[in-house]
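S.K.: The structure that follows is given in the form of structure tokens.
The values are calculated or read from the model by the stated rules, or taken from the named source; none is laboratory data. What you see is a predicted model, and the numbers here were worked out from it, not measured in a lab. Glycine also receives a Cβ, built like all others from the backbone with ideal geometry; neighbour counts cover every protein chain displayed.
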Amino acid sequence: MMLEQQMVLFEEDFEKIQKLCQELAAETNAKLVFLVDKNGQLIATSGDTGTMDTTSLATLAAGNIAATSGLAKLIGEKEFSILFHEGERDNLHLSTITERLILVVVFDHRTSLGLVRLLVRKSSRKLEELFAEINSKKGTREQNTIFTEITDEDIDNLFND
Amino acid sequence: MAFINYSSREINVKLVYYGPGLGGKTTNLRYIFQKTAPDTRGRMIELATETERTLFFDFLPLAMGKLGGFSVRFHLYTVPGQVFYDASRKIILKDVDGIVFVADSQIERMDANLESLDNMKIHLAEYGIRLEDVPWVMQYNKRDLPSAVDAAELSAMLNPFGVPEFSAVATRGEGVFETLKTVAKIVLKELRKQYTGGGQ
């Protein structure tokens, strides 16, 4: 049996995802928008990430969603699809999209939780449609990934230096 | 579940260090963190209790060179080893691409090793994965301690599948990178096999 199917993202799809994140950031007036997979891999960001450690943010967001999903199951819920963390200056809004993705919005007083929630819902639908389209193209394109272009020797050589 | 990003030209892989409590999983990651150049690794996150026991997970992102023009990035996680953090362990194991099982060589920790190994199999099975289908390696840690069991005996007890095994003293870094490099290679070769249709 094979391990779970890998996620492969091609440039053209990435651009569409990136555009949706940018739109959401602009419409909500949020500081940052991140799209993360539930495994903690960062897929796209929008906004000025500056010195922010985006890798850690993605991992902890995924850990946060995973832990609260565990809590949800304990009380008989499927999952908590929205999490909101309120800070003194900045707030975090995390929401799950499909089985695999987490949309993270970082925002401050220049916008409101209500607006963020409303527009996140709208963007989530668009992202769902986009990922359904990406997944439907999958089978044909995965024949030609980076792993078909390299050899086991290349892998061995990766650690020889 | 590996993530191959053609836009950033990155291959992202998830590795999990599993094993009994106080076996040296966090020590492995700390050593890797200390000995790698700052430009090849990110920040190490330790979600630990006040007594420095892992509460949820440790995390270390690591760049390990280039393959066919793609950066190979490994996300290293540890699980909390203590028995009662079972739910957290299961969460961390989800979508794993490769595992390092860090066994404690001391005779008094044999039951804990076996219990943890069983626990890992159970959690993988809950995700529909058989241990023999996951790329994994075995590390016998704490070889320097006086009550360390003979390596051959450990192997007979803990490694029935005959996966690659390493002796280690993680506090001194012995065996740490050998373990990491081997599991990394196995994982990448397995990914390659999946895409080229080999070994089916």
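S.K.: Being farther than 15 Å from A:Thr54 by Cβ and surrounded by 13 or more Cβ atoms within 10 Å (Cβ to Cβ) is the filter here; which residues of region B:41-53 pass it?
M.R.: Matches in region B:41-53: B:Met44, B:Glu46, B:Leu47, B:Ala48, B:Arg53.
S.K.: Within region A:43-82, can you find the residues that are more than 9 Å from chain B (Cβ to nearest Cβ), closer than 12 Å to B:Ile91 by Cβ and touching a residue at least 24 places away in the same chain (Cβ under 8 Å)?
M.R.: A:Ala62, A:Asn64, A:Ile65
S.K.: Could you identify the single residue in B:Thr27, B:Thr54, B:Thr36, B:Thr78 that is in contact (Cβ under 8 Å) with a residue 24 or more places away in the chain, among the β-branched types (Val, Ile, Thr) and away from every other protein chain (no Cβ under 14 Å)?
M.R.: Being in contact (Cβ under 8 Å) with a residue 24 or more places away in the chain, among the β-branched types (Val, Ile, Thr) and away from every other protein chain (no Cβ under 14 Å) holds for just one of B:Thr27, B:Thr54, B:Thr36, B:Thr78, which is B:Thr27.
Yes/no matrix, rows are residues, columns are (1) assigned to a loop (DSSP other than H, G, I, E, B); (2) touching a residue at least 40 places away in the same chain (Cβ under 8 Å); (3) of a type in the set (Asp, Glu); (4) buried (at least 19 other Cβ atoms within 10 Å of the Cβ):
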position: B:Asp95; (1), (2), (3), (4): yes, yes, yes, yes
position: B:Gln139; (1), (2), (3), (4): no, yes, no, yes
position: B:Asp144; (1), (2), (3), (4): yes, no, yes, no
position: B:Ala156; (1), (2), (3), (4): no, no, no, no
position: B:Phe177; (1), (2), (3), (4): no, yes, no, no
position: B:Val183; (1), (2), (3), (4): no, yes, no, yes
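S.K.: Have a look at B:Val102, B:Val13 and point out the one that is more than 9 Å from chain A (Cβ to nearest Cβ), in contact with a strand residue (DSSP E or B) (Cβ under 6 Å, 6 or more places away or on another chain) and more than 19 Å from A:Ile155 (Cβ to Cβ).
M.R.: Unique residue meeting the criteria: B:Val102.
S.K.: Which of the residues belonging to region B:63-93 are part of a strand (DSSP E or B) and among the β-branched types (Val, Ile, Thr)? Explain how you work it out, then say what you get.
M.R.: So in region B:63-93, the residues part of a strand (DSSP E or B) come out as B:63-67, B:70-78.
Passing the criteria: B:Val72, B:Thr78.
S.K.: Do the conditions hold for A:Thr28, that is, is it modelled with pLDDT of 95 or more and either of a type in the set (Ser, Thr, Tyr) or more than 16 Å from the chain's Cα centre (by Cα) (or both)? Quick ask: steps written out before the conclusion?
M.R.: Values: modelled with pLDDT of 95 or more: yes; either of a type in the set (Ser, Thr, Tyr) or more than 16 Å from the chain's Cα centre (by Cα) (or both): yes.
For A:Thr28, the condition - modelled with pLDDT of 95 or more and either of a type in the set (Ser, Thr, Tyr) or more than 16 Å from the chain's Cα centre (by Cα) (or both) - is met.
S.K.: Residues in region B:106-121: is at least one over 29 Å from A:Ala66 (Cβ atoms) and modelled with pLDDT under 95?
M.R.: No - not one qualifying residue is present in region B:106-121.
S.K.: Also, I was wondering about something else. Is it the case that region B:40-51 has a residue that's of a type in the set (D, E, K, R), over 24 Å from B:Asn119 (Cα atoms) and not in a strand (DSSP E or B)? Walk me through how you get there before you give the answer.
M.R.: So the first thing to find is which residues in region B:40-51 are of a type in the set (D, E, K, R), and the list is B:41, B:43, B:46, B:50.
Then drop every residue that is not over 24 Å from B:Asn119 (Cα atoms), which leaves B:41, B:43, B:50.
Add one more test, that the residue is not in a strand (DSSP E or B), and what stays is B:43, B:50.
Yes, region B:40-51 has at least one match.
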